[in-house]
Amino acid sequence: MKFLAYNGKKKSGSNTGNDVIVRVRLPNKRNREQFATADLMLGANHIRVRCYDGVTRTGRIKGKIKKRVWIREGDVLIVVPWDFQDEKCDIIYRYTKPQVEWLMKNNYL
């Protein structure tokens, strides 16, 4: 897949194929980040998430992304489990649909 810069204008002689701009942030294993799927909205910025290590945790939407991103059930997320309570985690990133398709195509999910 090509990564292209796109400014909304079509240039003559440019590649007009079905190339999509995809920038994907991957979980950093050093920071204990991992993939998760949003299962149930609990309210008060809390979501039940199913992590890819097989554990169901209660996720808290951090204030940094709370005001910028809407998280819905079924979204793919990056979470960081807490050190002192393994059944809770912080949600730090939400993937968009093209990013999820790219992750599946490249065998990350």
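Structure notes:
- Any hit, the range 17-25, residues being of a type in the set (S, T, N, Q) and either within 17 Å of Tyr108 (Cα to Cα) or modelled with pLDDT under 90 (or both): yes
- Residue check for Arg30: out of contact with any Asp or Glu (no Cβ under 8 Å at 6 or more places or on another chain), in a helix (DSSP H, G or I) and open to solvent by 80 Å² or more (accessible area, probe 1.4 Å): yes
- Residue count, the range 58-82 (criterion: without any contact (Cβ under 8 Å) to a residue 12 or more places away in the chain and either part of a strand (DSSP E or B) or closer than 15 Å to Gln34 by Cβ (or both)): 1
- Checking the range 91-102 against the condition returns a match, with at least one residue being open to solvent by less than 80 Å² (accessible area, probe 1.4 Å), part of a helix (DSSP H, G or I), in contact with a strand residue (DSSP E or B) (Cβ under 7 Å, 6 or more places away or on another chain) and at negative phi.
- Residue, surrounded by the most Cβ atoms within 10 Å (Cβ to Cβ), within the range 39-90, restricted to residues that are in contact with a Cys (Cβ under 9 Å, 6 or more places away or on another chain) and not hydrophobic (A, V, I, L, M, F, W, C): Gly59
The values are calculated or read from the model by the stated rules, or taken from the named source; none is laboratory data. What you are looking at is a predicted structure, and each value in this text was computed from that prediction instead of being measured. Using ideal geometry, Cβ is built from the backbone for each residue, glycine included, and neighbour counts are taken over all protein chains shown. For accessibility, only protein heavy atoms count, side chains too; no ligands or nucleic acids. Shrake-Rupley method; radii C 1.70, N 1.55, O 1.52, S 1.80 Å.
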